[in-house]
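**Q** Handing you this structure, nothing more for now.
Read-outs: derived from the displayed coordinates by stated rules, not from any lab. Just so you know, these numbers come straight off a predicted model, no measurement behind them. Here the Cβ is made from the backbone with ideal geometry for all residues, glycine too, and neighbour counts use every protein chain on show.
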Amino acid sequence: MPDARRYHHISSAVVTVMPGRMADVLAAIARLDGPEIRAHDGNRIVIVIEGTSAGELGGLLTAIGALSGVVAANMVFEHIEELEGSE
């Protein structure tokens, strides 16, 4: 019998950016559906992403890591909540 439980995943990540590319990367992340830019300083951006699975978050983080000007995109924290009413 399939698992009928539903989950909500929340993750934070740090994106490291090449010198001189911060504005371009911030704009590219802002165009994506999902990530929320929480802070940026120097060559780092802190983002929060949410979704229904770890795979969904990983896919988005991989897409961010592939943006021009991004050196690395690393998940720092993930929290998983079981949604009410799921069984």
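**Q** Quick one: helix 22-31 against the long Cα principal axis of the chain, what's the angle to the nearest 10°, folded into 0 to 90?
**A** Between the helix axis and the principal axis of the chain, the angle is about 30 degrees.
**Q** To the nearest 20 debye, what is the magnitude of the charge dipole of the chain about its Cα centre, counting +1 on the Cβ of each Lys and Arg and -1 on the Cβ of each Asp and Glu?
**A** Numbers: 6 positive and 12 negative charges, 101 e Å.
Magnitude of the dipole: close to 480 debye.
**Q** Using the Cβ atoms and a cut-off under 13 Å, what net charge is assigned to the surroundings of ILE29, where Lys and Arg are +1 and Asp and Glu are -1?
**A** Combined, the nearby Lys, Arg, Asp and Glu give +1.
**Q** With the dipole of the range 12-82 worked out from charges on the C-beta (+1 for Lys and Arg, -1 for Asp and Glu) around the Cα centre, which of VAL48, ALA63, GLY20 lies farthest toward the positive end?
**A** Ranked along the dipole, the leading option is GLY20.
**Q** Measure nothing fancy, just the Cα-based angle from helix 54-65's long axis to the longest principal axis of the chain, in degrees from 0 to 90, nearest 10.
**A** Long axis of 54-65 versus the principal axis of the chain: about 10 degrees.
**Q** Can you give the FRET efficiency for ALA4 and ILE80, using 1/(1 + (r/R0)^6), R0 = 25 Å, r = Cβ-Cβ distance, to the nearest 0.05?
**A** Computed FRET efficiency for ALA4 and ILE80 comes out at 0.95.
**Q** Hey, what's the per residue convex hull volume over the C-alpha atoms of the range 12-82, in cubic angstrom?
**A** On the way: hull volume 5.2 nm³, N = 71.
Cα convex hull per residue, to the nearest whole number: 73 Å³.
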